[in-house]
Amino acid sequence: MTNNDSYRYEPVERFGASMTSPRPWNQTALAGVELLNGRVAMLGFLAAIVGELLTGKGIVGQLALGLRLLLG
C-alpha cells in the first residue's frame, strides 16, 4: 500500500467556487493523477498495436470489425 499522506486533498468548496478562485491547483494530487493517465494511455496504445498485429487491420479496421461482430 502507498502512504495516504502523499495526497493532500483540497477542502470542499461551494459549487463553482474553484472556477473563479485565484488558488493554484493541488500539484501533489495532480502529479499522481497525470502519472496514472499517462500509464493508461500507454496501455491503450499497446493494445492498439497488438490488435493490429493480430488482425492485420489498423484502428479503423478494428473498429469496423468489432461493429460487424456486435451487430451481426
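If you take the residues in the range 28-50 that are among the aliphatic types (A, V, I, L, M) and more than 25 Å from Leu63 (Cβ to Cβ), which one is surrounded by the most Cβ atoms within 10 Å (Cβ to Cβ)?
Ala29
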Residue among Glu52, Glu34 that alone is assigned to a helix (DSSP H, G or I), under 15 Å from the mean Cα position of the chain (by Cα) and either among the charged types (D, E, K, R) or at pLDDT below 90 (or both): Glu34
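Can we say Phe45 is aromatic (Phe, Trp, Tyr) and at pLDDT 90 or above? Step through it out loud before you land on a result.
Details: aromatic (Phe, Trp, Tyr): yes; at pLDDT 90 or above: yes.
Judged against the criteria, Phe45 is a match.
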Top-ranked residue in the range 8-27 [being outside any loop (DSSP other than H, G, I, E, B), at pLDDT below 65 and loosely packed, with under 10 Cβ neighbours inside 10 Å; ranked as nearest to the chain's Cα centre (by Cα)]: Met19
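The values are calculated or read from the model by the stated rules, or taken from the named source; none is laboratory data. Note that the structure is a prediction, hence the values are computed from the model and not measured. When we count neighbours, we look across all protein chains shown, and the Cβ atoms used for this are built from the backbone with ideal geometry, even at glycine.
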